[in-house]
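**Student:** One structure coming up, written as structure tokens, with questions to follow.
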There are 4 protein chains.
Amino acid sequence: MGDIRSIGIIAKATSPHADETMHRLVPWLTERGIQVRVQEDFSMLSGDQVTVVPREMVPEQTDIVIVLGGDGTLLSVARLVEKTEQPILGINLGSLGFLTELGIGEMYGSLEEVLSGNFRIEERMRLEANLVREGREIGHYQVLNDVVINKGALARIIDLEAFIDGQRVTNYKADGLIVSTPTGSTAYSLAAGGPIIEPTLDLIVIAPICPHTLTNRPLVVPGDSRVELHLASDSGKVYLTLDGQEGTQLNKDDRVHIFASPKKVKLIRTGAKSFFEVLSTKLYWGQR
Amino acid sequence: MGDIRSIGIIAKATSPHADETMHRLVPWLTERGIQVRVQEDFSMLSGDQVTVVPREMVPEQTDIVIVLGGDGTLLSVARLVEKTEQPILGINLGSLGFLTELGIGEMYGSLEEVLSGNFRIEERMRLEANLVREGREIGHYQVLNDVVINKGALARIIDLEAFIDGQRVTNYKADGLIVSTPTGSTAYSLAAGGPIIEPTLDLIVIAPICPHTLTNRPLVVPGDSRVELHLASDSGKVYLTLDGQEGTQLNKDDRVHIFASPKKVKLIRTGAKSFFEVLSTKLYWGQR
Amino acid sequence: MGDIRSIGIIAKATSPHADETMHRLVPWLTERGIQVRVQEDFSMLSGDQVTVVPREMVPEQTDIVIVLGGDGTLLSVARLVEKTEQPILGINLGSLGFLTELGIGEMYGSLEEVLSGNFRIEERMRLEANLVREGREIGHYQVLNDVVINKGALARIIDLEAFIDGQRVTNYKADGLIVSTPTGSTAYSLAAGGPIIEPTLDLIVIAPICPHTLTNRPLVVPGDSRVELHLASDSGKVYLTLDGQEGTQLNKDDRVHIFASPKKVKLIRTGAKSFFEVLSTKLYWGQR
Amino acid sequence: MGDIRSIGIIAKATSPHADETMHRLVPWLTERGIQVRVQEDFSMLSGDQVTVVPREMVPEQTDIVIVLGGDGTLLSVARLVEKTEQPILGINLGSLGFLTELGIGEMYGSLEEVLSGNFRIEERMRLEANLVREGREIGHYQVLNDVVINKGALARIIDLEAFIDGQRVTNYKADGLIVSTPTGSTAYSLAAGGPIIEPTLDLIVIAPICPHTLTNRPLVVPGDSRVELHLASDSGKVYLTLDGQEGTQLNKDDRVHIFASPKKVKLIRTGAKSFFEVLSTKLYWGQR
């Protein structure tokens, strides 16, 4: 990738550290000749080299996007750069995340590296999901972590018939089902008993949530599989949720098709922190 | 207990076998001199010894109650006999349950035993739950299986602070929490990773649903413990559900107090089928 | 319990902190008029009020026993006081344990309390195990944590037929089986997927190790149950281990009978640290 | 592949059905003009087209090998064809396996298909393991299912330092560690809590056995990873086992290097039974 001349910054405006960090980071970048785009929450920073735009337009015409926030913020930014595919540098304003594994203390050092070209791009698989009702596609979504079908709190157990590449897997009787990327394997899927997948792999994890059939263990299938889920029961409110952030209600006999997106998420990596170091920190490995 | 002269029958009217079973069972009982009470769905059976009443009045003035249906039907009947404490004989119209462990084929043999007095009463612990909002009790419930706090499908992870006998346990960050009796240990709690508890014990199981802290394993505490749950987060819709059948929405800072009920559920047992035989059948033990 | 006049101290002599701690602790006690008994590793401390004896004789004629070491040390001391039933005060020389929940920093404060009578005794259930070969009892053991039947590393999967109070549970096909007290529920049983049991309860946990039948989940039965295990397979070397410390090889058709001991282990508790606080610390609750 | 003219048959001679099956299968094949090689247990079948040789020489100069037995028999035959790479047709003499998914009833129909060329070859990844002591390789092994490091029953918990491609993962404190292929994911790894992996994938699963760190969840890494395990503790007898069949004792500081073998195992598949159908049958999916 060529020289970095323009950077978009999207911050979790409600974070207590966002404001202070932005007030220091933006001048730091402009002093280095970078054009900066920020969201409207930071209009006070407007200036010669700093353009203020609506949040969803921040990535436009930028070379990379800095995310200041947690993993949730980064997930939402991943959606914004779906078409333009800018690399993302995640900086965590709070406790470190799996996606935002750099803290504020490491930010400037890391940016020096990035501006000098000393970084690599780590590509992460995305999933797309089509929601089909009565034969018509009524929704299309893409995620970096997971596509989840989940019963409402008052609904009865749901019956989800699953197919992979047209072959029937089983009817899951469960609270729900998580279809996850390797990136998502350390998020909701892990809490549901799924394995930890090296995040650059090209795989799909299918993990049931509280299955009544205790032998319905998490399943790992090739990244180019087409997963089809059919809501076979009418058991009250059931929802499709995307990266834990967007959702829509499902009807009986709705079908959800899930498959790898051709578009990857590009994460900027500097330094030598390995995936296993992040795991060890987040999961208290090496301690009891 | 004395001679059985009157029996209430509550059937799952929507079961395909309910009608036929009722048409044979009711005459079988009246021929043996038993007074029978049935719910309005079976008004065609009305007669000299057969009184038709609303479902919730079936147990009144009867010596025992026969439940025809699944475990869900029995759970709902358990609530009806809370005060009058009639023993319940569960007959499963479909595949066997943990509570309704007799099939239709075993019903008449079992009833012969019951009418001859050859049976024992197995007492099962119930839980009571008080819902407290802004210092005032706004709901009171009792269950045979479990009290569950569960997030809605679109809600974020919830933060539930738990206390036992006034001592803080932890703040669970999870999809929800199941507080279960031993009877409930083979229901939802099992699907969430809880242990199997011998059902006549006097214990409370606390099992988190998809906890983010992976070390938050199910906890077994004395039956006379007072469990207090405090909804510490404002993360969207969160519900309190009782035996998976009734529910109510919770607000931030609502508190739920859970403790053993002085009233037991009395199940009628005939024959020698042990709890472990039921487990083996339901969980395919002895097979792979 | 009356005044404390004599104290036995058993230390894990190989711990790097044992020596220094003993050199300060023993004079601290004798200055307060206490008669002290120590094991031969600390014969240099011999004196007027300090008697040096073999390790297993340290508890004799003492009012309480102080254990300096980890949970393993305390388990071994629990066996020494089986008959004499002295209360035990556990001090951890390293990272805190479940049984030795006080650190060196808390030791003197805690001992002040103990000498002033400001403490309570927490009774913990023990298990006894009889090993029966060809109808004859050839071994008798007692444990505070667990009785384990485990296959050797090169043995094939074992087949263990389990009975509770004479009722057959199932044939476990597994690497082994853990029969644990509530105290042991936070030790090996937890690693095998067992629940956490409030430690003063009177219960037995039966947790299979890597069962091939995935639905063979941990089972909690009453403390007065008689568990009988029958080694039904001839699959190579299989061992009975007691508290992870002693072991003996089993033959095909050996039977192990396990039941609660009438003798409890008495732990001395000072201060207000609850079981849940210990759990939170040991299991990183309240963190991710 | 060309016409099949010669077939080796390796049977589990101790199976009660082996003899009868061999007496019918061998003539069935010779009638169809096939040269057959059998192991010495079946020397009574010797004849014009039937050569009797030691078990390990059965595969020599044959086009395919039929395995009559269970998954264990097939694992041992997989080692015999490591270099010659004949495809294997697995027929189960008892209850169906994951690798031997055809029963005797399906054998002749399946063989008709195979002799007509109506079959496909499914390639399964193998792993190689090098055992290195004091810098010298002292053992070299290959497996179809798994490489396991396991403590002896009387040993203390072991400390295994794991590296992937030179990056440290963690020090596992556990009973042992399973390094499995996708094929092995439904064997021992599943019993230890590992995920189910679609068996033709090129991946390595690392699943700890009863880890003391409860967050040490199974890990899935790329098939071309180099896994290095270092036995960091001196905790009694520790063993390296290969496909659960061969084993060797390890010393402190031994290192085991594990990586994909260039040689695949070729399984003959006829008919349309999918992996998910095998799973459903073996794991009682679709039932409770």
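The values are calculated or read from the model by the stated rules, or taken from the named source; none is laboratory data. In this text the structure is predicted, and so the values were computed from the model without any measurement. Positions of Cβ are backbone-derived with ideal geometry, glycine not excepted, and every protein chain shown enters the neighbour counts. Keep in mind that these areas ignore ligands, DNA and RNA; they rest on the heavy atoms of the full protein, side chains included. Shrake-Rupley method; radii C 1.70, N 1.55, O 1.52, S 1.80 Å.
**Student:** Could you work out the percent of alpha carbon pairs in region A:16-164 separated by over 18 Å, rounded to a whole number?
**Tutor:** On the way: 7225 of 11026 pairs.
The answer is 66 percent, as a whole percent.
**Student:** Among residues other than B:Arg120 whose Cβ falls under 11 Å from its Cβ, what is the net charge (Lys/Arg +1, Asp/Glu -1)? If you can, show how the numbers build up before the last one.
**Tutor:** Numbers: positive: B:Lys266, B:Arg269; negative: B:Glu113, B:Glu122, B:Glu123.
Surrounding charge for B:Arg120 is -1.
**Student:** Could you go through region D:82-92 in sequence order and give the Karplus-derived ³J(HN,Hα) for each residue, using 6.51 cos²θ - 1.76 cosθ + 1.60 with θ = phi - 60°, rounded to whole Hz, and x for Gly and Pro?
**Tutor:** 3, 8, 7, 6, 5, x, 10, 10, x, 10, 8
**Student:** Per-residue HN-Hα couplings for region C:14-30, Karplus 6.51 cos²θ - 1.76 cosθ + 1.60 at θ = phi - 60°, whole Hz, x for Gly and Pro?
**Tutor:** 7, 6, x, 9, 5, 4, 4, 4, 5, 5, 9, 5, 4, x, 4, 6, 5
**Student:** Once you put a point 7 Å from the Cα of B:Thr84 and another 7 Å from the Cα of D:Arg5, both along the Cβ direction, what distance in nm separates them?
**Tutor:** The modelled label-to-label distance comes out at 8.6 nm.
**Student:** Rounded to whole Å, how close does chain C get to the rotation axis onto B by Cβ? Give me the residue too, please?
**Tutor:** Checking which Cβ lies nearest the axis yields C:Pro195, 2.
**Student:** In terms of the ratio Rg/(2.2 N^0.38 Å) built on C-alpha atoms, what value belongs to the protein assembly as shown?
**Tutor:** Values: Rg = 32.4 Å, N = 1152, 2.2 N^0.38 = 32.0 Å.
Computed over Cα atoms of the protein assembly as shown, the ratio equals 1.01.
**Student:** How far, in degrees from 0 to 90, does helix A:104-115 lean away from the longest principal axis of the Cα atoms of chain A, to the nearest 10?
**Tutor:** The two axes meet at around 80 degrees.
**Student:** How big is the antiparallel share of DSSP beta bridges in chain A, given as a percent to the nearest 5?
**Tutor:** Taking every DSSP beta bridge within chain A, about 75 percent pair in antiparallel fashion.
**Student:** Hey, what does the equivalent ellipsoid look like for region A:127-260, semi-axes from the Cα gyration tensor as sqrt of 5 times each eigenvalue, largest first, whole Å?
**Tutor:** 20, 17, 14
**Student:** Quick one: putting +1 on the C-beta of Lys and Arg, -1 on the C-beta of Asp and Glu, what dipole do you get for region B:184-275 around its Cα centre, in Debye to the nearest 20? The partial results should precede the final answer.
**Tutor:** Details: 10 positive and 9 negative charges, 69 e Å.
Magnitude of the dipole: close to 340 debye.
**Student:** Averaged across C:176-188, how many Cβ atoms of other chains sit within 10 Å of each residue's Cβ atom? Present the calculation step by step, with values, prior to reporting the outcome.
**Tutor:** Working: counts 3, 0, 1, 0, 0, 0, 1, 0, 0, 4, 1, 1, 4.
That average works out to 1.
**Student:** Let me ask something additional. Name the residues whose placed amide hydrogens come within less than 5 Å of the amide hydrogen of D:Ala155, ignoring near sequence neighbours (fewer than 5 apart) on the same chain.
**Tutor:** Answer set, sorted by chain and number: D:Lys237.
**Student:** Something else: Residues with amide H under 5 Å of B:Leu89's amide H, sequence separation 5 or more or different chain, H placed in the peptide plane at 1.01 Å from N; which?
**Tutor:** Amide H to amide H, under 5 Å and 5 or more residues apart or across chains, B:Leu89 pairs with B:Val65, B:Ile66, B:Val67, B:Ile268.
**Student:** How large, in percent, is the carbon and sulfur part of the accessible surface of region D:144-288 at a probe radius of 1.4 Å? All intermediate terms of the calculation are to be shown ahead of the outcome.
**Tutor:** Details: 1920 of 4280 Å².
Carbon and sulfur: 45 percent of the exposed surface of region D:144-288.
**Student:** Using only the C-alpha atoms of region D:1-89, find the volume of their convex hull and express it per residue in Å³. Mind dumping the intermediate values first?
**Tutor:** On the way: hull volume 7.5 nm³, N = 89.
Measuring per residue, one finds 85 Å³ for the Cα hull of region D:1-89.
**Student:** For chain D, what relative contact order do you get, as a whole percent, if you take Cα pairs closer than 8 Å and at least 6 residues apart?
**Tutor:** Values: 655 pairs, mean separation 52.0, N = 288.
Relative contact order for chain D comes out at 18 percent.
**Student:** Here is a further query. Using a simple charge model, +1 on the beta-carbon of Lys and Arg, -1 on the beta-carbon of Asp and Glu, nothing else, what dipole does chain D show about its Cα centre, in debye to the nearest 20? All intermediate terms of the calculation are to be shown ahead of the outcome.
**Tutor:** On the way: 29 positive and 37 negative charges, 124 e Å.
With only Lys, Arg, Asp and Glu charged at Cβ, the dipole is about 600 debye.
**Student:** Considering amide H positions built from the backbone, and no H for Pro or chain starts, which residues 5 or more places from D:Gln167, or on another chain, come under 5 Å of its amide H?
**Tutor:** Answer set, sorted by chain and number: none.
**Student:** Excluding A:Leu93 itself, calculate the net charge of residues whose Cβ lies under 15 Å from the Cβ of A:Leu93, where each Lys or Arg counts +1 and each Asp or Glu counts -1. Each step should come with its number before you reach the end.
**Tutor:** Numbers: positive: A:Lys12, A:Arg24; negative: A:Asp19, A:Glu20, A:Asp41, A:Asp71, A:Glu101, A:Glu106.
Net of charged neighbours comes to -4.
**Student:** Given the -39500 (n - 2.57) contribution per DSSP H run of 4+ residues, what per-residue ellipticity at 222 nm results for chain B, rounded to the nearest 500 deg cm²/dmol?
**Tutor:** Details: 5 runs with 48 residues, N = 288.
The helix contribution divided over chain B gives -5000 deg cm²/dmol.
**Student:** Over region B:127-260, average the accessible area per residue using a 1.4 Å probe and give it in Å², no decimals. Walk me through the numbers on the way to the answer.
**Tutor:** Numbers: 4010 Å² over 134 residues.
Accessible area per residue, region B:127-260: 30 Å².
**Student:** For chain C, with a Gaussian network of springs between Cα atoms less than 10 Å apart, report the residue from C:Ser110, C:Ser274, C:Ser233 with the top mean-square fluctuation.
**Tutor:** In the Gaussian network model the winner is C:Ser274.
**Student:** Please give the net charge around A:Arg226, taking every other residue with its beta carbon less than 12 angstrom from that of A:Arg226, where Lys and Arg add +1 and Asp and Glu add -1. It would help to have the intermediate numbers written out before the result.
**Tutor:** Numbers: positive: A:Arg255; negative: A:Glu128, A:Asp165, A:Asp224, A:Glu228.
Residues close to A:Arg226 contribute a combined charge of -3.
**Student:** Pop out the ³J(HN,Hα) list for region D:123-133 in order, Karplus 6.51 cos²θ - 1.76 cosθ + 1.60 with θ = phi - 60°, rounded to Hz; leave Gly and Pro as x.
**Tutor:** Result, ordered by residue: 8, 10, 5, 10, 10, 10, 9, 10, 9, 10, 10 Hz.
**Student:** Binning every alpha carbon pair distance of chain B at 10 Å from zero, what are the percents per bin?
**Tutor:** All Cα pairs considered, the percentages come to 6, 28, 30, 21, 12, 3, 0.
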